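Here is the structure we will look at, set down as structure tokens.
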Amino acid sequence: MKVGIFGTGDVGRALARGFLTLGHEVKLGAREPNNEKAVKWAAESGAKASAGTFAEAAEFGELVVLATLGIANEAALKSAGPDRLAGKIVIDATNPLGHSSGGPPSLAISGNDSGGEQVQRTVPKALVVKAFNTVGNAHMFRPEFPGGPPDMFFCGNDEGAKKRVAALLTEFGWNPADVGGIESSRYLEGMCMVWVLYAIKQGGWNHAFKMLRK
């Protein structure tokens, strides 16, 4: 499968490495052509890795991952061209985090809306699935925890797209946990804040969520 990834930061590169390890082709997209980080990553990552703009990553990908800063999602998607994403699964791995001076981050979008819903409105013909937003990039691929595989909560409006993402999450080493339509992004983005605040309090980032079942 060909995967286009928007974003050259830690999350984008961590997910890109996961897809490459599973044998997929990956194009890492940036706002500007010949982005230094993207070009360097592609040169170091083998024949199945390449770099380009957001538009080129959108055109290339059979599946696309949004891994930009959450507050920059709209600009990135419009730069890519929403029509290039029509009919494609778009995994939204972002959180709309804002930063107040001297304090912990907070959600810039909350209440009766979410970053995930805004992504779906920006690319209305795409099949948006929120996933990978409730854990740090170091554990996104094949997470190893003493309690066994953690759960990755995800949501989206298209059942077929969610089934494909659930299968992908399993390949990435997660137990997939479907929590409904894209409006559930409001709660998954809140879960990100729980994850972040716990990390700040404990002084470490090596944790993930697990649903206990019986």
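The values are calculated or read from the model by the stated rules, or taken from the named source; none is laboratory data. These numbers come from a predicted model, not from an experiment. All Cβ positions, glycine included, derive from the backbone under ideal geometry; neighbour counts span all protein chains shown. These area figures cover heavy atoms from the full protein model, side chains too; ligands, DNA and RNA do not enter into them. Shrake-Rupley method; radii C 1.70, N 1.55, O 1.52, S 1.80 Å.
Figures for the structure shown
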item: Single residue of region 140-152 satisfying the filter (open to solvent by less than 60 Å² (accessible area, probe 1.4 Å) and either at pLDDT 95 or above or under 15 Å from the mean Cα position of the chain (by Cα) (or both)) that is nearest to PHE19 (Cα to Cα); result: PHE141
item: Residue, surrounded by the most Cβ atoms within 10 Å (Cβ to Cβ), within region 14-41, restricted to residues that are assigned to a helix (DSSP H, G or I) and touching a residue at least 60 places away in the same chain (Cβ under 8 Å); result: LEU15
item: Hits in region 79-88 (condition: part of a helix (DSSP H, G or I) and under 20 Å from PHE19 (Cβ atoms)); result: ALA80, ARG84, LEU85
item: All positions within region 42-78 that are open to solvent by less than 100 Å² (accessible area, probe 1.4 Å), out of contact with any Phe, Trp or Tyr (no Cβ under 7 Å at 6 or more places or on another chain) and part of a helix (DSSP H, G or I); result: ALA42, ALA43, ALA55, GLU56, ALA58, PHE60, GLY70, ALA72, ASN73, GLU74, ALA75, LEU77
item: Region 47-63 residues that are modelled with pLDDT of 95 or more, paired with ones that are small (Gly, Ala, Ser) and open to solvent by 50 Å² or more (accessible area, probe 1.4 Å) (beta carbon under 9 Å, 6 or more apart); result: ALA49/ALA43; ALA51/ALA43; THR53/SER79; PHE54/SER79; ALA55/SER79
item: Yes/no for LEU168 being farther than 11 Å from THR134 by Cα, open to solvent by less than 20 Å² (accessible area, probe 1.4 Å) and of a type in the set (A, V, I, L, M); result: yes
item: Where a residue in region 109-124 is at negative phi and its partner, wherever it lies, is buried (at least 22 other Cβ atoms within 10 Å of the Cβ) and among the basic types (Lys, Arg), with Cβ under 6 Å and at least six apart; result: GLY116/LYS130
item: Close pairs from region 134-150: first in contact (Cβ under 8 Å) with a residue 40 or more places away in the chain, partner among the charged types (D, E, K, R) and in a loop (DSSP other than H, G, I, E, B), Cβ under 6 Å, at least 6 apart; result: GLY147/LYS210; PRO150/LYS210
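For (1) within 14 Å of ASP92 (Cβ to Cβ); (2) assigned to a loop (DSSP other than H, G, I, E, B); (3) of a type in the set (Asp, Glu); (4) at pLDDT 95 or above, each residue gets a yes or a no:
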| site | (1), (2), (3), (4) |
| --- | --- |
| GLN118 | yes, no, no, yes |
| ARG121 | yes, no, no, yes |
| VAL129 | yes, no, no, yes |
| ASN133 | yes, yes, no, yes |
| PHE154 | yes, no, no, yes |
| LYS163 | no, no, no, yes |
| TRP195 | no, no, no, yes |
